[in-house]
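The structure appears below as structure tokens.
The values are calculated or read from the model by the stated rules, or taken from the named source; none is laboratory data. These numbers come from a predicted model, not from an experiment. Cβ placement follows ideal geometry from the backbone for every residue including glycine, while neighbour counts extend to all protein chains displayed. Surface areas here come from the heavy atoms of the whole protein model, side chains and all, with no ligands, DNA or RNA. Shrake-Rupley method; radii C 1.70, N 1.55, O 1.52, S 1.80 Å.
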Amino acid sequence: MRRGGPLGRAGLALLLMAVGAEARPRPATPGDQLRSNVVLVACDSLDGRLTVFPGNQTVDLPFINFMKRYGTVFLNAYTNSPICCPSRAAMWSGLFTHLTESWNNFKGLDPDYVTWMDLMEKHGYHAQKFGKLDYTSGHHSVSNRVEAWTRDVHFLLRQEGRPMVNLTGHRKQVRVMEADWRNTDKAVNWIKEEAVNLTQPFILYLGLNLPHPYPSPYAGENFGSSTFLTSPYWLEKVTYEAIKIPKWSSLSEMHPVDYYSSYTKNCTGEFTEEEVRNIRAFYYAMCAETDAMLG
């Protein structure tokens with residue numbers, strides 16, 4: 001994840017909504033306020049310029065737009081870290097990165113760390129988790145640990161492969177990221193079949209991997225996630241003519257974090273305009289699939 005853009009490009013797009021239609025929170029006691037159920041959906045690598053910034057004409061995101069229209073949008077929300085695991089460690093602990101000491105994707109929280117969900121349970125909520133968590137240590141490759149020590153030297157370990165696109169399936173294939181769809185199904189079924197019988201309020205967390213790029217085994221044993229994968233069904237929802245190709249700064253002008261990310265994610269080579277446009281189009285198509293899961 002790299003930072004930049006008018007919205008700070010937060011690493012995680014966090015969507016909160018109260019759910020009460022089918023669930024019965026615990027009976028209120030005298031002087032007690034009825035507490036809402038909460039569903040928290042964390043989507044990986046959504047670009048705020050695409051999802052909440054006015055005037056987006058690149059891809060239709062009907063369910064995110066529905067939440068914007070009837071909810072509240074926080075335009076000045078920033079991630080505590082522009083890197084996956086550290087940003088999640090901050091969110092789950094409620095602490096700044098300099099306190100969690102999670103500086104890179106190798107180091108997160110200890111498994112027994114008290115999280116915000118633990119505190120919700122302590123205060124009477126029934127907690128349920130589905131999908132991607134990625135806030136504890138050790139889930140990423142050892143190369144992430146090596147990278148953490150190569151920031152200030154003149155050689156860099158290229159963990160990611162060169163960004164590329166891959167079209168799969170057919171024009172009617174809706175479900176490309178099967179794991180995310182399975183977890184979405186679990187969350188929906190849990191609300192319909194189990195949460196309705198609860199006598200206490202609930203907090204439901206759903207972690208989606210999309211629109212994060214897919215793993216790229218072609219890059220060797222230290223492959224990262226640099227393949228943008230979608231089906232014709234989603235790609236047809238992208239307006240190619242509206243895709244903007246930003247000016248790429250020279251390495252000498254980049255912020256050190258952007259410089260480092262450009263190397264580790266293999267973005268320092270030459271890319272044609274067509275390559276860049278396709279990569280962005282496939283990314284937008286993956287955002288559209290993510291939006292459908294929210295729906």
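Values computed for the structure shown
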item	result
Residue in the range 158-194 that is farthest from residue 294 (Cα to Cα), counting only those that are under 17 Å from the mean Cα position of the chain (by Cα) and among the β-branched types (Val, Ile, Thr)	176
Candidate set from the range 94-139 (those that are touching a residue at least 12 places away in the same chain (Cβ under 8 Å), open to solvent by 60 Å² or more (accessible area, probe 1.4 Å) and of a type in the set (Lys, Arg)); member that is nearest to residue 42 (Cα to Cα)	129
Helices (runs of 4 or more DSSP H) (entirely within the range 58-152) containing at least 2 residues that are more than 30 Å from residue 191 (Cβ to Cβ), at pLDDT 85 or above and more than 19 Å from the chain's Cα centre (by Cα)	97-100
Looking only at the range 172-200, and only at residues there that are at pLDDT 95 or above and β-branched (Val, Ile, Thr), the one that is surrounded by the fewest Cβ atoms within 10 Å (Cβ to Cβ)	174
Count of residues meeting criterion [more than 25 Å from residue 276 (Cβ to Cβ) and assigned to a loop (DSSP other than H, G, I, E, B)] in the range 174-221	8
Of the criteria (1) modelled with pLDDT of 95 or more; (2) open to solvent by 50 Å² or more (accessible area, probe 1.4 Å), which one residue 272 fails	(1)
Residues within the range 212-251 that are modelled with pLDDT of 90 or more and of a type in the set (S, T, N, Q), tallied	5
Near pairs, Cβ below 7 angstrom, 6+ apart or cross-chain, from the range 177-195 (among the basic types (Lys, Arg)) to any residue that is open to solvent by 40 Å² or more (accessible area, probe 1.4 Å)	192/22
So residue 215, is it surrounded by fewer than 17 Cβ atoms within 10 Å (Cβ to Cβ) and under 30 Å from residue 130 (Cβ atoms)	yes
Criterion (more than 25 Å from the chain's Cα centre (by Cα), of a type in the set (Gly, Ala, Ser) and surrounded by fewer than 21 Cβ atoms within 10 Å (Cβ to Cβ)) met by exactly one of 225, 250	250
Given (1) under 28 Å from residue 87 (Cα atoms); (2) out of contact with any strand residue (DSSP E or B) (no Cβ under 7 Å at 6 or more places or on another chain), index of the condition residue 199 fails	(1)
Close pairs (6 angstrom Cβ cut-off, 6 or more residues apart or separate chains): at negative phi in the range 245-261, of a type in the set (A, V, I, L, M, F, W, C) and part of a helix (DSSP H, G or I) anywhere	245/276; 259/251
